[in-house]
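One structure below.
The values are calculated or read from the model by the stated rules, or taken from the named source; none is laboratory data. All of these numbers come straight from a predicted model, not from anything done at the bench. Every residue, glycine among them, receives a Cβ derived from its backbone with ideal geometry; neighbour counts consider all protein chains shown.
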Amino acid sequence: MSDKNQAADFSTILGAAVHDMKNSLWLLLQNIEEVAADLEGSPAARSLADIQYEAQRLNTGLVQLLSLYRNEQDALPVNLEEQFIDELVEELIAENEFYAKRHNIELQHSVEAGLTCFMDKSLITVLLQDVVINGLRYARSKVTIEASREQSSGMLLLRVSDDGEGYPPAMLNTQHQMATADISSGRTGLGLYFAHRIASAHVRQQGCGQITLQNSSQGGSVFELRLP
């Protein structure tokens, strides 16, 4: 069997394993929410929210791992279809409001009316979910998701911000190297490496997707994703 066929077979096996683990995690998350509803108002409800948070991180990490492996094998399918951005943002809010509510963090959102974009919704959802999860981890009281169309470039701008301490200076200074960084060296996070890869895989006439990191003048981190 050729190396290419072996890689394809392993990709299939890895995909099946990730799918199976995701199903188990989904059942776990559903059970957590049901138990938490019965314990509403008790200290245990907050502990369950923390467990759900870690399970969501694990779920996101599994998808990132599979996607990055397929990307390295030039076998990552990017299915560009027109998506309504308000629906995407509403799904992100719904996925994270359980944890946010029990940690007294406000999830805010603002989406330009009628906004659409051609994207791979599954990949972009995983990308943004990772950003929102991290925002909830470091926020003091709120995380905001915004979506609009940039007038100058015509690109979709998706922004996730929080009111935490912001990104470390070292991360801001090296953000443009993360698309080609050796993640085995530990110098960059899997989430940002994944974000760069997925953004750049979205290519249309206006160019390719890109991400930027910055800190707000009012304090807190600001993650921006632009898609053509």
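From the list Glu72, Glu82, Glu33, exactly one residue is out of contact with any Cys (no Cβ under 6 Å at 6 or more places or on another chain), surrounded by fewer than 15 Cβ atoms within 10 Å (Cβ to Cβ) and at pLDDT 90 or above. Which is it?
Values: Glu72 fails: at pLDDT 90 or above; Glu33 fails: at pLDDT 90 or above.
Answer to the check: Glu82.
Every residue, every condition in (1) under 18 Å from Ala199 (Cα atoms); (2) buried (at least 18 other Cβ atoms within 10 Å of the Cβ), yes or no:
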residue	(1), (2)
Asn96	no, yes
Gln108	no, no
Asp120	yes, yes
Leu123	yes, yes
Leu136	no, yes
Gly154	yes, no
Pro168	no, no
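Of everything in region 114-130, what is within 11 Å of Val78 (Cα to Cα) and in contact with a helix residue (DSSP H, G or I) (Cβ under 6 Å, 6 or more places away or on another chain)? Give them in sequence order.
Leu123, the sole residue that qualifies.
Go through (1) touching a Phe, Trp or Tyr at 6+ places or on another chain (Cβ under 8 Å); (2) at pLDDT below 75 for His19 and report which single condition fails.
Failed condition: (1).
Could you say whether any residue in region 55-69 is farther than 25 Å from Ser200 by Cα and either assigned by TED's automatic domain parsing to the domain that holds Thr125 or at pLDDT 75 or above (or both)? Before you say what the answer is, go through the steps one by one.
Here is the first cut: in region 55-69, the residues farther than 25 Å from Ser200 by Cα are 55.
Adding the requirement that they be either assigned by TED's automatic domain parsing to the domain that holds Thr125 or at pLDDT 75 or above (or both) leaves 55.
Scanning region 55-69, I find at least one residue that is farther than 25 Å from Ser200 by Cα and either assigned by TED's automatic domain parsing to the domain that holds Thr125 or at pLDDT 75 or above (or both), so the answer is yes.
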